[in-house]
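Asker: The following block contains the structure, expressed as structure tokens.
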């Protein structure tokens, strides 16, 4: 579908599932090269990154582990509140190569809080893999090693990204329709 309606808001397609998968394959190749002599732990940021993480990890041909963490800053709005709540289901990060898997990075507040939290466990290394990045929206200085697709400051939904908890299941990524 080219146009999707969620909670009364219309969205149009921005990236197809094929375009998303191509960016995943490129990212997976880089991760395999960088971690050829390691077994990284993928720390998946719930809920949005679950679809991206599942597809990315299946593309990475390495022995690895998976943990999940919840990080919330949006609530039911289309903008980050700047207040980040973290909740981890497991915390065995010490001495490991960690790859934080995030769906989208815009202001950077959520990722900065998450990086600070993970670093308290003294991991061997910490890198970030994100499907989407809004570099022009950054409010904090953070290093993101693996970026799937760079996008402008638009609200997006689909492929794990939501609008008020709806639309995550969509296979493509949509932007708010301005028509």
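Asker: So which residues in the stretch 150-172 are touching a residue at least 40 places away in the same chain (Cβ under 8 Å), in a strand (DSSP E or B) and farther than 15 Å from residue 55 by Cα?
Answerer: Across the stretch 150-172, the qualifying residues are 156, 157, 163, 166.
Asker: Turning to a different aspect of this structure: Scan the strands (runs of 3 or more DSSP E) fully inside the stretch 24-142 and keep the ones with 1 or more residues being modelled with pLDDT under 90 and surrounded by 16 or more Cβ atoms within 10 Å (Cβ to Cβ).
Answerer: Per the criteria, 41-46, 65-72, 85-88.
Asker: Follow-up. Please specify each residue of the stretch 2-53 satisfying the condition of being within 19 Å of residue 158 (Cα to Cα), free of Cβ contacts under 8 Å to residues at least 60 places away in the same chain and in contact with a strand residue (DSSP E or B) (Cβ under 8 Å, 6 or more places away or on another chain).
Answerer: Answer for the stretch 2-53, where residues must be within 19 Å of residue 158 (Cα to Cα), free of Cβ contacts under 8 Å to residues at least 60 places away in the same chain and in contact with a strand residue (DSSP E or B) (Cβ under 8 Å, 6 or more places away or on another chain): 2, 5, 44, 46, 53.
Asker: Something else about it: Out of all the residues in the stretch 8-23, which are exposed (fewer than 12 other Cβ atoms within 10 Å of the Cβ) and within 24 Å of residue 164 (Cβ to Cβ)?
Answerer: Residue satisfying the conditions is 8 alone.
The values are calculated or read from the model by the stated rules, or taken from the named source; none is laboratory data. Every value quoted in this text rests on a predicted model; they were computed, and no experiment measured them. Cβ coordinates were reconstructed from backbone atoms using ideal geometry, including for glycine residues, and neighbour counts include every protein chain displayed.
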